[in-house]
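Report on one structure; see the data block that follows.
The values are calculated or read from the model by the stated rules, or taken from the named source; none is laboratory data. Note that the coordinates shown come from a computational prediction; the quantities given were computed from them, not determined experimentally. Cβ sites come from the backbone with ideal geometry, for glycine too, and all protein chains shown count toward neighbours. To get the accessible areas, we keep the full protein, side chains included, count just its heavy atoms, and leave off ligands, DNA and RNA. Shrake-Rupley method; radii C 1.70, N 1.55, O 1.52, S 1.80 Å.
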Amino acid sequence: MSVRIYRQKWKDASLLLPIILFLGVFFLIPLIGLLVQSVTQPQLGLTNFAELLATSTYLKVLGNTFLVATLVTIFAVLLGFPLAWCITLFPKGWGRFLLNVVLLSMWTSLLARTYSWLVLLQSSGVLNKILMGLGIIDQPLPLVHNLAGVIIGMTYIMIPFIVLPLQASMSAIDPMVLQAASICGASSRTVFFKVFLPLCKSGIFSGSLMVFVMSLGYYVTPALLGGVSNMMLPEFIVQQVQNFLNWGIASASASILIAVTLVLFYLYLKVQTESPTSSNTKD
Amino acid sequence: MLLTQQSLGWKIKSALYFITGSIAAFLALPIFFIIALSFGSSQWLVFPPPSWTIKWYERFFSNPQWIESALTSLQVAIITSILATLIALPASFALVRGKFPGRDYLYSLFTLPMIVPVVIIAVATYSMFLSLGLTGTLVAFVISHVIVAVPFAMISIINSLKLFDQSIENAAVICGAHRLQAILKVTFPSIKPGIFAGALFAFLVSWDEVVISVMMASPELQTLPVKMWSTLRQDLTPVIAVASTLLIFLSLFIMLAANFLRKRSH
């Protein structure tokens, strides 16, 4: 390696100095500090993790977190799939419109949307009124401050995050492949389940992985729409810090959340084949 | 064939239209609902409201606490947006153009603040600022917001930089321009929309940030989402619908602006 190339490399890399310094000092060091605290506060050892996995209330929080994330992922895929399909079916006009609805909902203030669901779902809210007006129910359904509220609110938030990757993988499918299958005599049903769906698989997989990870770490929506009995991990962590000053347990649960998130993110990167920094993208 | 409209049977097609229509309505519903509610007269958030009024807007704009928190939000978001862009800009150049190994890993590392749950970033930075005695200050707000805003700015700048044909810049260098001169006079003007879009995204991330802000806030210094959050915990007053509506329109405006800038860069 000649000295000049070596120097050039250093010059290129030095542009990273601001971001490395900033994220290093204010992001990585506090994060590592949190991980260290989980085994040092209040004493050295794994007592926090042992306590976390032995106390039934803590275990309930963990179980509830994974239950909610799983249910939200399933519902988001079920609702996101037809939407992504329709956007792909109409690349212009209505498809563009639907895509804009998705983007609008994604970028609208999270707090505003969650507040809106709080009002919509309350026992004197619009949804209960409509259902009672139609004579479907006699008494208002408990739709908020419980598991149902969290699932509705979170699924709503997550739909855009499944539609966008799914739509990308659908529009990458060559229509000729599907045509070939039907020319060869496959019924629509066979084409859908044996050809179309398998081709969407990577989109479904990466999308649902992202939704699952995001659901595990969401704070605002579950905290506002959930009840006391179905607390999730993020709210639990904040509560341990703010109300009980219990940094050990908070750090230990944060460590579990970080570990699960990073493992799933690594899987996500494996599924995504295209490198984000390579310059030969087909855009 | 399932990717063209003609190929689907009418039964599947109408079912698909109906389902998609309902889901799209589901996505748009809360946004329209909240805007309508902010003009409703009933303080019990009855829908449809008995009559229409702007009294909640008057109440919002006459309350110094709401105005102050909105101004704090604006201040924090503007500083965050500028700082995040200044940090992301050189990093984007290095990641797209650099010849050093491990660029993909570094990219993943820098986007980590998008992946790590916000609540963890909130608790970690809170712990740091607590030991430094900086919680409840503007500095704490800005630093913690820049952490989550940097990846958004960086991704936008990287995308526009990848679309820029570097041979134009090289041509300027061959014609006798210094490399820095070429970047400033040739490259910057053409990736400017991407940089501005990145700054707008960073602004939006900061403007809408709740979790970190709730941890950083003090009774004296809070952003609009924090004020909304603490009010929400007490009651569901329509004044929050007003604040929400303002947030919705600001997001909409910024999204349209960013979209416009991105289109111009193509």
Evaluate peptide A:78-87: per residue, the Cβ atoms of other protein chains within 10 Å of its Cβ; return the mean as an integer. 5
Average other protein chain Cβ within 10 Å of Cβ, residues B:93-106: 5
Rounded, prolate or oblate: pick one for the range A:1-139, where a ≥ b ≥ c are the square roots of the eigenvalues of its C-alpha gyration tensor, a/c under 1.5 means rounded, and failing that, prolate if a/b is larger than b/c, else oblate. oblate
Along the three principal axes, how long is chain A when you take its alpha carbons, biggest first, rounded to the nearest angstrom? 78, 68, 32
The protein assembly as shown - charge dipole about Cα centre, Lys and Arg +1 at Cβ, Asp and Glu -1, debye rounded to 20: 1500
Report the percentage of all Cα-Cα pairs in the protein assembly as shown whose separation exceeds 32 Å, rounded to a whole percent. 50
For the range B:223-248, list whatever residues lose no less than 30 Å² of accessible surface once every protein chain is in place, relative to that chain by itself, with the probe at 1.4 Å. B:Trp229, B:Leu232, B:Arg233, B:Leu236, B:Ile248
Name the residues of the range B:150-189 whose accessible area falls by at least 50 Å² when all protein chains are present instead of the chain alone, probe 1.4 Å? B:Lys162
If N is the number of residues in the range A:143-283, what value comes out of its Cα radius of gyration divided by 2.2 N^0.38 Å? 1.41
Most mobile listed residue (A:Pro222, A:Pro91, A:Pro18) in chain A, GNM with C-alpha springs under 10 Å: A:Pro18
Expressed per residue, the solvent accessible area of the range A:168-283 in Å² (1.4 Å probe) is about 48
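Averaged over B:213-219, how many beta carbons belonging to a partner chain fall within 10 Å of each residue's beta carbon?
Working: counts 0, 5, 3, 0, 0, 0, 0.
Going residue by residue through B:213-219 and averaging, the value is 1.
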Give me the percent of the accessible area of the range B:81-189 that comes from carbon and sulfur atoms, probe 1.4 Å, all protein chains in place. 68
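Just to be sure I understand: if you take the accessible area of chain B alone plus chain A alone and subtract the pair, with a 1.4 Å probe, what total do you get in Å², rounded to 100? Present the calculation step by step, with values, prior to reporting the outcome.
Values: alone 15750 and 17740 Å², together 25370 Å².
Roughly 8100 Å² of accessible surface disappears when B and A pair.
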Please calculate how many Å² of accessible area the range A:1-122 carries per residue, with a 1.4 Å probe and no DNA, RNA or ligand atoms counted. 51
Would you list the P(r) distribution for chain B, with all Cα-Cα distances sorted into 10 Å bins from 0 and each bin expressed as a whole %? 6, 21, 25, 23, 16, 7, 1, 0
Sulfur and carbon atoms: percent of accessible area, chain A [1.4 Å]: 69
Could you pull out every one of the lysines with an alpha carbon less than 18 Å from that of B:Lys11, ignoring same-chain neighbours closer than 8 positions? none
Which value in Å is the Kirkwood Rh of the range B:120-197 over different Cα pairs? 15.2
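Tell me whether the range A:68-194 comes out rounded, prolate or oblate; compute the Cα gyration tensor, take square roots of the eigenvalues as a ≥ b ≥ c, and use a/c under 1.5 as the rounded threshold. Before the final figure, lay out the partial values.
Numbers: a/c = 2.57, a/b = 1.96, b/c = 1.31.
Since a/c reaches 1.5 and a/b is larger than b/c, the shape of the range A:68-194 is classed as prolate.
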Rounded, prolate or oblate, given the Cα gyration tensor of the range B:122-266, with a/c below 1.5 counting as rounded? oblate
Just which residues of the range B:109-126 lose 20 Å² or more accessible area with every protein chain there, against their chain alone, with the probe set to 1.4 Å? B:Leu109, B:Phe110, B:Leu112, B:Pro113, B:Ile115, B:Val116, B:Pro117, B:Val119, B:Ile120, B:Val123, B:Ala124, B:Tyr126
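Here is the link list: B:Lys99/B:Lys162; B:Lys162/B:Lys192; A:Lys129/B:Lys227; A:Lys92/B:Lys13; B:Lys192/B:Lys263; A:Lys129/B:Lys13. Which ones come out longer than 22 Å on Cα distance? Don't skip to the end; give the middle numbers.
Details: B:Lys99/B:Lys162 15 Å; B:Lys162/B:Lys192 13 Å; A:Lys129/B:Lys227 30 Å; A:Lys92/B:Lys13 17 Å; B:Lys192/B:Lys263 12 Å; A:Lys129/B:Lys13 31 Å.
Going by Cα-Cα distance, A:Lys129/B:Lys227; A:Lys129/B:Lys13 fall outside the 22 Å limit.
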Calculate how steeply helix B:103-115 sits against the longest principal axis of the alpha-carbon atoms of chain B, using the helix alpha-carbon long axis, and give the answer as 0 to 90 degrees to the nearest 10. 10
